[in-house]
Amino acid sequence: MSKKILVLGGAGYIGSHTYVELLESGYDPAIVDDFSNAEHKVIERLKALTQRDVRFYEGDCNDAAFMEKVIGTEGDVHAVIHFAAFKAVGESVEKPLKYYENNIGSLLVLLNKMTAHQIPHLVFSSSCTVYGEPDKLPVTESTPRKPAESPYGNTKQICEDIIADCVRSKAAIKAIALRYFNPMGAHPSGLIGELPIGAPNNLVPFVTQVAAGVREKLTVFGNDYPTPDGTCVRDYIHVVDLAKAHVKALEHLSHLNESNHYDIINIGTGEGNSVMEVIKTFEKVSGQPLNYVIGPKRDGDVETVYANADKAKQVIGWTSELTLEDGLRDAWRWQQSLKEEDSQ
Ligand code: UFG
């Protein structure tokens, strides 16, 4: 029988792609999501993409009674992948309690339930935001964390520490925190991708919306950083590669003999690309010029960050395969499919 995996936040951007990869790797995933930052049609799209029914539970991962019911209904759960969190950096500054309550609360509920029900494996979504502006590049997992720049970033640090403490207390949990760099792209089928509500905060969805005519122009946040072309540098990781990293992390955890384990792994390509490189690559793959202007720097932006992804290769046997070009092409295909849907 296939192993059951609970995907908390499985209707979201990274969660939905991971759902597909889990299924393709022979697991039996079920989605838990409150649809606060996802649309119900994601479920229909997943059904179309996988040609299978989708098992999902609608509710709040902070609600212990709801989670108890989910786990009770599922029965023998092999692992949980926890994506269910708020992620808008700016909003977290305005509404810190919302972020602390949701992002930390849901992890506490989960760890309690995992212990009570003897669910042995956890993969947790962390972020390269924990490195802040690093002193040395590329960043490895032992690069010191910097004080968080936002409540959102702080929730990621605190959650990492909670998992570490829990494992240190000899709870029978094997966990990996994956520190994602900058996820982008979409499934090559064009059936799932990022669905930002309102104006996107992130670069790639903003770029595709400008190209599609949903927004007038992109503002490049600063071009006088001490980088080769003056714009900020990031490590853009294709969401399908990122999704596969979760499957690899799970496989690794399942093969460990000890019942108690915690590790942290960077998930990035190992390469940095500037905002201008993203724009130029997008123009190449879409075959159209992008309307952009240079604007002021954005508060709190890190100048350059990219991963050393060696540990992912050594420990879980994962490396990125897809390129920035692939990601931008897939993101563009996805944006166009949304436009077609709107016009129908
Ligand atoms: N950018 C623009 N214009 C835009 C949007 C972004 O120039 O309209 C630039 C940013 O200044 C930055 C780059 O594009 O240089 C990437 O910005 P994103 O907002 O896409 O990503 P960030 O690197 O700022 O943030 C991402 C995640 C966060 C996470 C952070 C960790 O979205 O959740 O990485 O560094 F906390």
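If only residues of the stretch 190-247 that are in contact (Cβ under 8 Å) with a residue 60 or more places away in the chain, in contact with a Ser or Thr (Cβ under 9 Å, 6 or more places away or on another chain) and of a type in the set (Gly, Ala, Ser) are counted, the one that is farthest from the ligand (Cβ to nearest atom) is Gly190.
Within the stretch 121-180, the set of residues being within 13 Å of the ligand (Cβ to nearest atom), touching a residue at least 24 places away in the same chain (Cβ under 8 Å) and among the small types (Gly, Ala, Ser) comprises Ser125, Ser126, Ser127, Gly132, Ser150, Gly153.
Take the residues of the stretch 161-186 that are outside any strand (DSSP E or B) and closer than 26 Å to Val305 by Cβ: which is nearest to the chain's Cα centre (by Cα)?
Step one: filter the stretch 161-186 for residues outside any strand (DSSP E or B), giving 161-173, 181, 185-186.
Then drop every residue that is not closer than 26 Å to Val305 by Cβ, which leaves 161-164, 181, 185-186.
Numbers: Asp161: 19, Ile162: 19, Ile163: 18, Ala164: 20, Phe181: 9, Gly185: 12, Ala186: 12 Å.
Looking at the filtered set, the residue picked out is Phe181.
Can you find, within the stretch 278-310, the residue that is nearest to Thr140 (Cα to Cα) among those that are assigned to a loop (DSSP other than H, G, I, E, B) and near the ligand (Cβ under 9 Å from one of its atoms)? Even if it seems obvious, please write down each step before you answer.
Of the residues in the stretch 278-310, the ones assigned to a loop (DSSP other than H, G, I, E, B) are 287-291, 296-303, 305-306, 308-309.
Now drop any that are not near the ligand (Cβ under 9 Å from one of its atoms), which leaves 297-298, 300-303, 305.
Values: Lys297: 27, Arg298: 26, Gly300: 21, Asp301: 20, Val302: 17, Glu303: 17, Val305: 11 Å.
Step by step, filter the stretch 278-310, then rank; the result is Val305.
The C-beta contact set for the stretch 273-296 (first residue more than 18 Å from Thr219 (Cβ to Cβ) and among the charged types (D, E, K, R), second residue within 12 Å of the ligand (Cβ to nearest atom) and open to solvent by 30 Å² or more (accessible area, probe 1.4 Å), distance under 8 angstrom, 6+ apart or interchain) is empty. Quick one: Asn103 ticks every box in (1) open to solvent by 20 Å² or more (accessible area, probe 1.4 Å); (2) within 16 Å of the ligand (Cβ to nearest atom) except a single one, so which number is it? Among (1) open to solvent by 20 Å² or more (accessible area, probe 1.4 Å); (2) within 16 Å of the ligand (Cβ to nearest atom), the lone unmet condition for Asn103 is (1). Per this entry, Leu250 is not counted among residues that are at pLDDT below 95 and within 25 Å of Glu24 (Cα to Cα). Screening the stretch 50-92 for residues that are at pLDDT below 95 and hydrophobic (A, V, I, L, M, F, W, C) and picking the one that is most open to solvent (accessible area, probe 1.4 Å) gives Val89.
The values are calculated or read from the model by the stated rules, or taken from the named source; none is laboratory data. Values in this document were obtained by computation on a predicted structure and should not be read as measured data. Note: ideal-geometry Cβ built from the backbone for every residue, glycine included; neighbour counts use all protein chains shown. Just so you know, the surface numbers come from the protein's heavy atoms only, side chains and all, with ligands and any DNA or RNA stripped out. Shrake-Rupley method; radii C 1.70, N 1.55, O 1.52, S 1.80 Å.
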